[in-house]
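Inspection log for the structure reproduced underneath, given as structure tokens.
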Amino acid sequence: MQFTTPDYYDAFRCIAGACRDSCCIGWEIDIDAKTQAFYEQVPGIFGRRLHDNIRDGSFLLDEKERCPFLNRAGLCDIYTELGEEHLCQICTDHPRFFNWFGAYKEGGIGLSCEAAAIHILTNPIRLVTREIPDDFGDDCDPALLSYLTQGRAKLLKILSQTKPLSSVTASMLRFADRLQFHMDNDIWELPEMEDVPAGSFDAAGMLSFLQTLEPMDPTWHGLLSELSVSLEKLPPPEPGDAEFLRNIGAYFLFRYVLQGVFDGEILSRVKLSAAAMQVIGLLWRYRRLTEGDTDLQTLADVAKAFSKEIEYSEENLNAVLDAAYELPAFSDASLSGFAC
């Protein structure tokens, strides 16, 4: 079967003990049945340790929400004791993600990882396809999948144009509006790309909405609140921000647009991409206001924080997709109102 990824997918490497925000802290870690069956057969002292630290198919986190096998050096004791091949599936995969569309599969690396975020910020999306052993997912309409794949390619092309970010986002949203209309009305021709004027971002409305969502990190709402009262003080974007934000927008388009093959919903996922660019861009400017100059790692950390709050909470992600049709802050005019 065919497997498509961004070309930076294979370049990702976990930085293990050098990671400053380990995915082994603060996350519930589920163990797949095959791996748990192996762990139950491990003998000796380490086998007893496994037995004592697993309940109901998950690792028992300690009082600091650390995985019990994350050692003081930031490394995994299961990895060092049993070998990489005996990590549970989620630990093997993360931060990689996979989407299955019948006999077609896509994969990428998630923005919630600080090392992956560097790759995403600094690399425009170039998709590469290879043949892999069959790994089938849920059936889908191959004709619709082809149509959406072509539509996503045009969205990515629009976003990559050498025009101001506000202009390309306005055109991207207009194309998504028309693409959704075509799908809803069984018009199986791609819309034309149009140049349309940008609007003005309703930052206060967007930040107010985000504060209604359940936080993953207890400091998140406080950060959004501080940003809300500082909007008029924010410094202008830095020259490189627009390109970094385009790459973030492309990441969201790649990860989510084709999922519309299962529910017919495209527009809200494109608006998610635009909202991510807007909010992350504001957070970067706020970090410069409060901390001065920001390096690439700081920008990646901010993008990672947004991703954790939205992408890694199914409830929050669905709330954003629903709000795309309900709130003025998610209008085309608002989402296209970039300062860069």
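Every read-out reported here was derived from the displayed coordinates using simple, explicitly stated rules and does not represent laboratory data. Computed from a predicted model, the values in this text were never measured in an experiment. Every residue, glycine as well, gets a Cβ built from its backbone with ideal geometry; the counts of neighbours run over all protein chains shown.
Just check region 1-143 against the gyration tensor rule for me: Cα atoms, a ≥ b ≥ c as the square roots of the eigenvalues, rounded for a/c under 1.5, and otherwise prolate or oblate depending on whether a/b exceeds b/c. Since a/c reaches 1.5 but b/c is at least a/b, the shape of region 1-143 is classed as oblate.
Our Cα-only numbers for the chain put the radius of gyration and Dmax at 21.1, 68 Å. From helices alone, the chain scores -14500 deg cm²/dmol at 222 nm; the rule is -39500 (n - 2.57) for each run of n ≥ 4 DSSP H residues, then divide by the residue total. Close amide H pairs (under 5 Å, H built 1.01 Å from N) link SER58 with ILE31, residues at least 5 positions away or on another chain. Given +1 at the Cβ of Lys and Arg, -1 at the Cβ of Asp and Glu and no other charges, the dipole of region 24-93 around its Cα centre is 240 debye to the nearest 20. Working note: Karplus 6.51/-1.76/1.60 with θ = phi - 60° gives region 229-235 the couplings 7, 10, 4, 6, 9, 4, x Hz, where Gly and Pro are set to x.
Amide H contacts of PHE97 (H built 1.01 Å from N, in plane; Pro and chain starts excluded): GLY108, ILE109, GLY110 sit under 5 Å, all sequence-distant by 5 or more or on other chains. The distance between label points at LEU60 and ARG126 comes to 5.0 nm (points 7 Å beyond Cα on the Cα→Cβ vector).
In a GNM of the chain with a 10 Å cut-off on Cα contacts, which of ASP322, ASP52, ASP241 has the highest mean-square fluctuation? Comparing ASP322, ASP52, ASP241 in a Gaussian network model of the chain, the most mobile one is ASP52. Seen from PRO215, the other residues with C-beta closer than 11 Å to its C-beta sum to a net charge of -2, counting Lys and Arg as +1 and Asp and Glu as -1.
When Rg and Dmax are taken over the Cα atoms of region 24-93, they come to 11.1, 29 Å. Here the spin labels are modelled as points 7 Å beyond Cα on the Cα-Cβ line, and at ALA333 and GLN211 they lie 2.5 nm apart. Under a straight-distance cross-link criterion of Cα-Cα below 29 Å, which lysines are reachable from LYS157, leaving out those fewer than 8 residues away in the same chain? Partners within reach: LYS105, LYS271, LYS304, LYS308.
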